[in-house]
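The values are calculated or read from the model by the stated rules, or taken from the named source; none is laboratory data. These numbers come from a predicted model, not from an experiment. Here the Cβ positions follow ideal geometry from the backbone for every residue, glycine too, while neighbour counts run over all protein chains shown. Protein only, heavy atoms only, side chains kept; ligands, DNA and RNA dropped before computing areas. Shrake-Rupley method; radii C 1.70, N 1.55, O 1.52, S 1.80 Å.
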Amino acid sequence: KLISAAAELPEPSISQLVGLKDVRKLEAELLTVRKNYAKLQQDRFQPSSATQTVQDMVLGRPFSLEGFRSLQDKEGLLDSALEWGDGEVVLAVAIMLKNTLKRSKFLAIMSSRQEAA
């Protein structure tokens with residue numbers, strides 16, 4: 001009898017379970033998360049600055065080198081890595097340059113920046 005009586009009771013709504021104030025707070029938080037997500041979606045194809053990317057590399061944060069396509073961008077990335085002075089970051093950028101540039105361009109850049117070679 002108790003089980004059948006409990007089955008006939010209507011299910012409480014979310015606002016009844018968590019309270020009306022909490023629902024408004026959750027809706028505001030959801031709106032903020034949606035705005036942040038939309039901004040991330042919009043910015044995902046725009047590369048970070050060279051300085052920001054090198055800083056992310058040094059601090060172990062996620063980073064991408066794929067946005068650096070032009071020769072000037074790649075040289076700027078190498079210069080930023082040299083300014084920071086982190087050998088692992090300089091090596092990673094040098095390997096990226098070696099893999100994405102013609103040999104003659106790569107050697108020209110490395111010979112003009114002896115610290116990287």
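Against the definition (over 16 Å from M110 (Cβ atoms) and not charged (D, E, K, R)), how does V89 come out, yes or no? Spelling it out, it is not the case that V89 is over 16 Å from M110 (Cβ atoms) and not charged (D, E, K, R). Pairing residues of the range 55-74 that are within 11 Å of L97 (Cα to Cα) and basic (K, R) with residues that are open to solvent by less than 60 Å² (accessible area, probe 1.4 Å) and assigned to a loop (DSSP other than H, G, I, E, B), at Cβ distances under 6 Å and at least 6 apart in sequence or on separate chains, gives K74/F68. Only one entry in L107, L82, L91, L65 is part of a helix (DSSP H, G or I) and open to solvent by less than 60 Å² (accessible area, probe 1.4 Å), namely L82. Starting from residues that are part of a helix (DSSP H, G or I) and open to solvent by less than 70 Å² (accessible area, probe 1.4 Å), keep the ones in the range 21-51 and report whichever is modelled with the highest pLDDT. This residue is A50.
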